[in-house]
Amino acid sequence: MPPVNQPDNHPREYQLEGKTMGTYYVVKFYTEQQPDLIALQQELDTELELINDLMSTYRPESES
């Protein structure tokens, strides 16, 4: 156990989840620093939406 008033530098598990492309996803990761989970969730959703825009078989404007 770390001494009192000293940060615990062991990585913690974090998890993001959501829905996309007719299914769901779960992303787990470990870090020693406190992540901005809201910003990471927004980035992840933006990237997945971009992929869906490019490859969807249901969207007429997609490249697929």
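The values are calculated or read from the model by the stated rules, or taken from the named source; none is laboratory data. The shown structure was predicted, so the numbers you read here are calculated from the model rather than taken from an experiment. Glycine also receives a Cβ, built like all others from the backbone with ideal geometry; neighbour counts cover every protein chain displayed. Side chains are part of the model used for accessible areas, which takes the heavy atoms of the whole protein and leaves out ligands, DNA and RNA. Shrake-Rupley method; radii C 1.70, N 1.55, O 1.52, S 1.80 Å.
General remarks:
- Scanning region 1-43 for residues that are under 30 Å from Tyr58 (Cα atoms), of a type in the set (S, T, N, Q) and modelled with pLDDT under 95 returns Thr20, Thr23.
- Residue count for region 35-64 satisfying the condition of being under 28 Å from Tyr14 (Cβ atoms) and not β-branched (Val, Ile, Thr): 18.
- Considering residues of region 24-34 that are under 11 Å from the mean Cα position of the chain (by Cα) and either surrounded by 10 or more Cβ atoms within 10 Å (Cβ to Cβ) or among the basic types (Lys, Arg) (or both) only, the residue farthest from Arg12 (Cα to Cα): Tyr25
- Every residue from region 35-64 that is open to solvent by 70 Å² or more (accessible area, probe 1.4 Å) and among the charged types (D, E, K, R): Asp36, Glu43, Glu47, Glu49, Glu61, Glu63
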